[in-house]
Amino acid sequence: MSGDASNTGRRTDNRRSALRLAAVALAMFGFGWALIPLYDVICEITGLDGRTGVAQAASLPTQFDADRTVTVQFVANVNSALSWDFAPAVISMQVHPGKLYDTHYLARNRTAAAIVGRAVPNVAPNVAARYFNKTECFCFSEQSLAAGEQREMPVRFVVSRDLPPEVKVLTLSYTFYRAPENG
Amino acid sequence: MSSHTAHDEHHAHDDHHHGPEPGLMRWVYTTNHKDIGTLYMLFALLMFFVGGALAMGIRAELFQPGIQILEPELFNQFTTMHALIMVFGAVMPAWVGFANWQIPIMIGAPDMALPRMNNWSFWILPFAFTMLGMTFFIPGGAPAAGWTMYPPLVLQGGWNLAFMVFAVHLMGMSSIMGAINVIVTILNMRAPGMTLLRMPLFIWTWLITAFLLIAAMPVLAGAVTMLLTDRFFGTSFFNAAGGGDPVMFQHVFWFFGHPEVYIMILPAFGVVSQIIPTFARKPLFGYESMVYATASIAFLSFIVWAHHMFTVGMPLTGELFFMFTTMLIAVPTGVKVFNWVATMWRGAMTFETPMLFALAFVILFTIGGFSGLMLAIAPVDFQYHDTYFVVAHFHYVLVPGAVFALFAGAYYWLPKWTGHMYDEKLGQWHFWLSTISVNVLFFPQHFLGLAGMPRRIPDYAVQFADWNRISSLGGFAFGLSQLIFVYVVYKAIKGGEKATDRVWEGAHGLEWTLSSPPPYHSFNTPPKVTEAEAHS
Ligand SMILES: [Cu+2]
């Protein structure tokens, strides 16, 4: 075997290994991006970040648990970039798991210009989040308020009968953000 | 291949390359692993002093309560830039420099496997850091949201975000190319007889580090790209208003961030595993267990990331999982510390500067490991989170940890690199001053953190004044002591007592069979590696 041939052979080997490793690096770059949908899916399944469930009114069971009462508290926050007033109509309700309830929040645009806002819901404690289902909510879509406009924003929800028995109090909180301009 | 043809080939080769090209362009065009190693190390040393100067500014501001010399905005820029420069500009390039110099001469290869890419991966760095450093002079100043770049804060700064993101991209590309080169060199270029389990531990730890780099750096590149599009192109990855989640950034960042700490420390384990046997004049105790321990640390590093974010509101099962996996890392790390101590047991030890730095590494890194264990206890972390206790912890593992190992390795191989013995007396001065001052600098920060002083603040309550003053004094002393190192290196490059080939009486390994300094092209004819020379 001549030295030159073995050198060229080695060079080809090196190039092949390098390309393979570059492919691994590229795959890890892709994995970094894949973490985003993965994170969403995991949160959706487990309710880890306090994400609430969404339910179709028609698919709900008709029976409810009359013997059990849990407290649902309502909290409202407004991001500092949004000049709105925002508050729940009632600050807490006693509810039976399995029964559908209505309530609403009040939002008012303090400024002299129309603004689009978006509310992000969260339920605490985390373990209870996926048992809190909304059939109707202003948080499903962006809300636009004209200058100085005030509006009632309805929420219709049901607490699932599967709610773990140790949970006595649930807190539903909304944070209103200014919707991204081009989003 | 007969020895005759090997000899001929050697000659033919020498006709083409007599040595380095004359002049400055040698350094720009060089594809020689020794030149590139030198460039990396000098660049890292420069960055060490730039990052160090920022640290001096930080400690000067914290010398007493109140705002004296750094306005809060500038203070935050200093802390952010200090970290970015030290992590990506000093420690990581320094280790790549070591890899470039040492890997070929330790495995008996003529050069790195991909010399041209090697040139690229170095020369990207000065551009990256110029771009990053420039941000001090643009409107809005340098990045100031911490090196962890958490949104939403990081998205509220000025244009510096774009500069930082592109700089991180370049650094990432540089280290990925460096890592690919290391892996290909180690896997394809070993001399005959240099089997995987005969490789010196420095080679093993770098091989594993390179895999960590390839797996972790691209994830960081992805995360910072998302920051960029969130800030400038209207996406909402981390923007709650658009349906994103800022906590998600922390998950992605620390998925990179925890392996990153091992990227900085595994080569340190390797260097210390070379030095302790040399000066204990005994073979390394538990060679194979060292290899397996390194590999398990690398694996575990990918499943512990959320210990940096216990307070974000994780469910109990998550806290427990990350707490226990984190504590599990103490097992392979403990194996290593045990092996180092067992290597020294009944050894005929001498205490030259490299050994002193290696010993200090073992003790002080272990202290950093212990405070890490304390931080790993999830319920306790709620108290320590974002306090100076965390600052003390990671500075212990990075300064008397990684940086001391870099000094140890530099003193150990400096005679080989330059051909001259360094000034041992000055080396000892450098060691003792550094070791005393680094403890005065960082140990009090444990107390500050336990007492509740938050990190990343330019001003603090008066009850923290005493320990901060002591810490600052230690900081200034540590900073000044490092000038000794520069002088020692300068002196050894200029001249001095000629180093022998073996340099150290107890040294084993291929690099010591070469002359000091080694020829510009070494091991054009692969050496034969025997068990006796490999395991020492
Ligand atoms: Cu970590």
Residue among A:R178, A:R118 that is buried (at least 20 other Cβ atoms within 10 Å of the Cβ), within 11 Å of another protein chain (Cβ to nearest Cβ), farther than 20 Å from B:M314 by Cα and touching a residue at least 24 places away in the same chain (Cβ under 8 Å): A:R118
In segment B:512-531, how many residues are in a helix (DSSP H, G or I) and in contact with an Asp or Glu (Cβ under 9 Å, 6 or more places away or on another chain)? 2
Examine segment B:322-345 for a residue that is over 17 Å from B:P267 (Cα atoms), in contact (Cβ under 8 Å) with a residue 12 or more places away in the chain and within 14 Å of another protein chain (Cβ to nearest Cβ), and state whether such a residue exists. yes
Of the residues that make up segment B:484-504, is at least one assigned to a helix (DSSP H, G or I), within 21 Å of B:K282 (Cα to Cα) and either of a type outside the set (K, R) or open to solvent by less than 70 Å² (accessible area, probe 1.4 Å) (or both)? no
Out of (1) within 12 Å of the ligand (Cβ to nearest atom); (2) more than 27 Å from B:L207 (Cβ to Cβ), what's the single condition that is false for B:R346? (1)
Can you tell me which of (1) part of a loop (DSSP other than H, G, I, E, B); (2) within 13 Å of the ligand (Cβ to nearest atom); (3) within 13 Å of chain A (Cβ to nearest Cβ) is the one B:F238 doesn't meet? (2)
Looking only at segment B:242-265, how many residues end up being at pLDDT 90 or above and not in a helix (DSSP H, G or I)? 0
Taking the stated definitions as given, is B:G51 open to solvent by less than 60 Å² (accessible area, probe 1.4 Å) and at pLDDT below 95? no
Any hit, segment B:146-158, residues being within 11 Å of chain A (Cβ to nearest Cβ) and not hydroxyl-bearing (S, T, Y): yes
For residues in segment B:293-325 being β-branched (V, I, T) and open to solvent by 20 Å² or more (accessible area, probe 1.4 Å), which is farthest from the ligand (Cβ to nearest atom)? B:T317
If A:R161 passes every condition in (1) within 14 Å of another protein chain (Cβ to nearest Cβ); (2) open to solvent by 30 Å² or more (accessible area, probe 1.4 Å) but one, which one does it miss? (1)
Failed item, numbered, when B:A221 is tested on (1) closer than 30 Å to A:E142 by Cβ; (2) away from the ligand (no atom under 16 Å from the Cβ); (3) touching a residue at least 40 places away in the same chain (Cβ under 8 Å); (4) part of a helix (DSSP H, G or I): (1)
Does A:L82 satisfy being assigned to a loop (DSSP other than H, G, I, E, B), out of contact with any helix residue (DSSP H, G or I) (no Cβ under 6 Å at 6 or more places or on another chain), surrounded by 19 or more Cβ atoms within 10 Å (Cβ to Cβ) and of a type in the set (A, V, I, L, M)? yes
Open to solvent by 10 Å² or more (accessible area, probe 1.4 Å), away from the ligand (no atom under 16 Å from the Cβ) and within 14 Å of chain A (Cβ to nearest Cβ), is that true of B:L284? no
Let me spell it out: the conditions are (1) surrounded by 22 or more Cβ atoms within 10 Å (Cβ to Cβ); (2) facing chain A (nearest Cβ under 8 Å); (3) farther than 17 Å from B:F88 by Cβ, and B:L220 meets all of them except one. Which number is the exception? (3)
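The values are calculated or read from the model by the stated rules, or taken from the named source; none is laboratory data. The model shown is predicted, which means the values in this text are computed figures rather than measured ones. Methodologically, a virtual Cβ is constructed for each residue, glycine included, from the backbone with ideal geometry; neighbour enumeration extends over all protein chains shown. Protein only, heavy atoms only, side chains kept; ligands, DNA and RNA dropped before computing areas. Shrake-Rupley method; radii C 1.70, N 1.55, O 1.52, S 1.80 Å.
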